[in-house]
Amino acid sequence: MYPFSITKAPTAREAVDAGRRGGRYIAGGTTLVDLMRETVERPDTLVDISGLPLREVTVTGRGGLRIGALVTMAEAAAHRKVRTTYPVISQALELSASAQLRNMATVGGNIMQRTRCTYFRDVTAACNKREPGSGCAAREGHNRTHAILGTSEECVATHPSDVAVAFAALEARVVLLGPGGERTVPFADFLLRPGRSPQREQDIRPGELITAVEVPAYPRPLKSGYLKVRDRQSYEFALTSAAVALHVRGGVIREAKVAVGGVGTVPWKLPAVEQALLGERPSDRLWGRAAESAADGARPLTHNRFKIELLKRTVERQLRIVGDDT
Ligand code: SF4
C-alpha cells in the first residue's frame with residue numbers, strides 16, 4: 001500500500017465537489033481496495049460516500065424501480081419489489097460474488113467495477129487499459145475467459161458485472177449527479193466499448209457521482225430470469241450468461257428483452273434475438289431459432305472459440321426457462 005488521504009462526504013453535493021477536485025469515490029470498496037493493494041490504482045484522495053442517503057429502492061411511475069446507488073447487492077437482491085417485479089435483477093445479484101461481498105458491495109459500485117482480466121491486475125504485464133499504449137498481453141496470452149463481442153485491437157476484456165447484464169436487458173438508465181446538475185444516461189450508452197481508448201470505461205464526467213439506477217416499467221405480467229454459466233457453481237465470473245424478460249399476452253410474445261454477459265466488452269444486448277421473438281407464439285422451436293443469432297459478429301480469440309456455441313445454448317436455455325413459465 002502507499003499513502004493516501006480519505007475524507008467523508010456529508011452530502012452528495014459536497015461529494016461531487018470533492019470528486020471534481022480529483023477525489024475517487026469509495027463506498028463498499030470491494031473493487032477499489034483490491035486494486036489499490038495491487039497498485040493498479042493509486043488515487044491520492046478517497047471520498048467516502050457510504051453515508052449518503054442513496055440507500056432506497058422506490059417504485060416509480062407505473063411500476064418501474066429506482067434503486068439507490070448505495071443499496072447493497074444483498075439488499076437489492078432481497079428487496080420484495082425487486083424480487084417480485086424483476087426477478088432477473090435479484091437472480092443476477094445472487095449469482096454474483098460471495099455472500100460477504102454482496103453485503104458490502106453496492107449497486108453503483110457493481111456497475112463501475114473494473115475488468116477481471118488477469119493482465120490488467122498484473123502490473124508487470126502489458127495492458128492498454130491500465131497503461132495506454134503498452135499493448136495487450138491477453139491477445140496472445142491466456143484469453144479463454146475473454147470477450148468475443150465488442151472487442152478492439154487494443155482490448156478484449158469482458159465486463160465482469162452480472163447485474164449490469166440484467167440492467168442492459170431491461171434498458172435501465174443511470175442517474176448521475178455532477179457539477180452541472182443531474183443527468184440520466186441510458187444503460188446502453190453508459191458502459192463504453194474499448195475502441196482505441198480502453199482506459200475510458202464509462203460515460204462519466206469529472207466529479208459525477210452515480211445516485212441511482214432506474215428500471216422502466218413494463219406491461220405485466222413480465223417473466224424474467226438470469227442464467228449464469230461458469231467453471232464452478234459459486235464465487236466465479238461468467239463464461240456466458242443470459243438475462244431474459246418476456247411479456248406474453250393472448251399467447252403471443254409482446255415484449256422481449258435479452259442481453260448476455262461473459263462474452264462482451266460491455267453487457268451485450270441482442271436486438272436480433274428480441275426481434276425474432278416478437279409477435280411469435282412461445283414454443284421450443286422458437287427458442288432455438290431465436291438463439292441462433294446470439295453470437296452474430298463474434299470474433300473469437302485463440303482460446304475462447306467455445307464461447308460461440310456456449311452462448312447460443314445459454315440463450316436458448318434461458319429463453320426456454322423463462323418462456324415456459326409465461
Ligand atoms: Fe489489458 Fe484489456 Fe488486454 Fe486485458 S484485454 S490485458 S484489460 S488491454
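Figures for the structure shown
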| item | result |
| --- | --- |
| In Å², nearest 10: area of S197 left accessible to a 1.4 Å probe | 50 Å² |
| Solvent-accessible surface ranking, highest first, for W287, W268 at 1.4 angstrom | W268, W287 |
| Candidate lysines - alpha carbon under 20 Å from K312, same-chain residues fewer than 8 apart omitted | K228, K257, K269 |
| Candidates Q275, Q233, Q91: whichever shows maximal mean-square fluctuation once the chain is modelled as a Gaussian network with Cα springs under 10 Å | Q233 |
| Fluctuation leader among G63, G141, G225 - the chain, Gaussian network, Cα springs under 10 angstrom | G141 |
| Segment 97-235 shape via C-alpha gyration tensor axes, a/c threshold 1.5 | oblate |
| R281 - accessible surface, heavy atoms, 1.4 Å probe, Å² rounded to 10 | 150 Å² |
| Loop GluC sites (Glu not before Pro), segment 118-218, which have at most 13 other Cβ atoms in a 10 Å radius of their Cβ (DSSP) | E140, E153 |
| Accessible area per residue in Å² at 1.4 Å probe, computed on segment 222-323 | 44 Å² |
| Percent accessible area from carbon and sulfur atoms, the chain, protein chains only, probe 1.4 Å | 49 percent |
| Computed magnitude of the charge dipole of segment 1-96 (debye, nearest 20; Cβ of K, R +1, Cβ of D, E -1) | 400 debye |
| Size of charge dipole - segment 60-201 - debye, nearest 20, with Cβ of Lys, Arg +1 and Asp, Glu -1, no other charges | 300 debye |
| Kyte-Doolittle mean at least -0.5, axial Cα span of 18 Å or more - DSSP H helices of the chain | 306-323 |
| Segment 51-153 - Rg over Rh from alpha carbon coordinates, Kirkwood radius | 1.10 |
| Bins of 20 Å, starting at 0 and running to the largest distance - Cα pair percent for the chain | 32, 58, 9, 0 |
| 1.4 Å probe accessible area per residue over segment 113-198, in Å² | 40 Å² |
| Helix-derived mean residue ellipticity, 222 nm - over the chain, DSSP H n ≥ 4, -39500 (n - 2.57), to 500 | -7500 deg cm²/dmol |
| Candidates per trypsin sites (Lys or Arg not before Pro) in segment 1-88, loop by DSSP, up to 11 other Cβ within 10 Å | R21, R62 |
| About the Cα centre, charge dipole magnitude for segment 222-323 (Lys/Arg +1, Asp/Glu -1 at Cβ), debye | 120 debye |
| Among V248, T184, M1 - extreme Cα towards positive end, dipole of the chain, charges at beta-carbon | V248 |
| In Å², nearest 10: area of D48 left accessible to a 1.4 Å probe | 30 Å² |
| Cα-based Rg of segment 19-67 normalised by 2.2 N^0.38 Å, two decimals | 1.56 |
| For the chain, built as a Gaussian network whose Cα springs stay under 10 Å, the top-fluctuating residue of V174, V266, V59 | V59 |
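The values are calculated or read from the model by the stated rules, or taken from the named source; none is laboratory data. Small disclaimer: the values here were computed from a predicted structure and weren't measured. Positions of Cβ are generated from backbone atoms using ideal geometry, with glycine treated the same way; all protein chains shown enter the neighbour counts. Just so you know, the surface numbers come from the protein's heavy atoms only, side chains and all, with ligands and any DNA or RNA stripped out. Shrake-Rupley method; radii C 1.70, N 1.55, O 1.52, S 1.80 Å.
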